[in-house]
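Right, one structure below, let's go through it.
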Amino acid sequence: MKVLVADKFEKSGLEGLKQIGAEVVYEPDLNGDDLARRLKETGAKVLIVRSTKVTAPMLDGVPLGLIIRAGAGYNTIDVAAASALGILVSNCPGKNGKAVAELAFGLMLAADRRIPDNVNELREGRWNKKAFSAGRGLHGRMLGLIGMGNIGQEMIPRAKAFGMYVNCYSRWMLPEVAAALGIGRSDTLLEVAKQSDFVSVHVALTPETKGLIGRE
């Protein structure tokens, strides 16, 4: 079975594919017309991508049977077009939940302490201690979580480690489940936003969730 990997991929993952008998074609910089061309030239049965977009025209006349997104979402793949051609689409939820949660807290700390601003100022030879020491910190503040999948749940213990309170909005989470996790639960997005010092969004990008958070 020939597998075309059209995005950056861990060496261990490539070796794992070879160990199960796959013929791996690793071309991490493919996209657009080049990807469409290589799909036809290689005759790959499986395509693996991460950030690379897979559009309907790319799939026309190729022998693919499976597209795998090496990540949680699959919004970069035209699933409807693939399905119409009998091509299966799969993703890998839960594999990067911890890493994404850690990054989210890094961004919260950076926002609270204005780290990007003070780094830029320092590079230009200025240091405004009064302005940049005014951060309130995370302890005792409220974190609002939108979406309680793998990443959202990974946020909870990290928030508690910082001494934060947690409130969430989730279509599937029952109040008793939230209580068991030691967090609050709101019935609307607006309610979470009003109560929170930080809001962290962890939902898949779908037509239903696009534009979920706006100015209002």
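The values are calculated or read from the model by the stated rules, or taken from the named source; none is laboratory data. Remember, it's a predicted structure, so these values are computed and weren't measured experimentally. Note that each Cβ is placed from the backbone with ideal geometry, even for glycine, and that neighbours are counted across all protein chains shown.
Worth pointing out:
- Residue in region 170-183 that is within 23 Å of Gly73 (Cα to Cα) and either in the same structural domain as Ala80 (by TED's automatic domain parsing) or of a type in the set (Asp, Glu) (or both) present: no
- Among residues of region 158-170 being in contact with a helix residue (DSSP H, G or I) (Cβ under 9 Å, 6 or more places away or on another chain), outside any loop (DSSP other than H, G, I, E, B) and not aliphatic (A, V, I, L, M), the one that is nearest to Thr209 (Cα to Cα) is Tyr169.
- Matching residues in region 65-77 - criterion: being in contact (Cβ under 8 Å) with a residue 24 or more places away in the chain and touching a Gly at 6+ places or on another chain (Cβ under 9 Å): Ala70, Ala72
- Scanning region 14-47 for residues that are under 24 Å from the mean Cα position of the chain (by Cα) and in contact (Cβ under 8 Å) with a residue 40 or more places away in the chain returns Val46, Leu47.
- Cβ pairs under 8 Å, 6+ apart, first in region 112-132 and in the same structural domain as Ser196 (by TED's automatic domain parsing), second among the acidic types (Asp, Glu) and surrounded by 11 or more Cβ atoms within 10 Å (Cβ to Cβ): Trp127/Glu121; Asn128/Glu121; Phe132/Asp117; Phe132/Glu121
- For region 1-23, the set of residues classified as crowded, with 17+ Cβ neighbours inside 10 Å and under 19 Å from Ser51 (Cα atoms) consists of Val3, Leu4, Val5, Ala6, Asp7, Phe9, listed by residue number.
- Across region 205-216, the qualifying residues are those that are within 18 Å of Gly144 (Cβ to Cβ) and among the aliphatic types (A, V, I, L, M), and the one among them that is surrounded by the most Cβ atoms within 10 Å (Cβ to Cβ) is Leu212.
- Residue count for region 174-204, restricted to those that are among the acidic types (Asp, Glu), surrounded by 11 or more Cβ atoms within 10 Å (Cβ to Cβ) and more than 21 Å from Gly163 (Cβ to Cβ): 1
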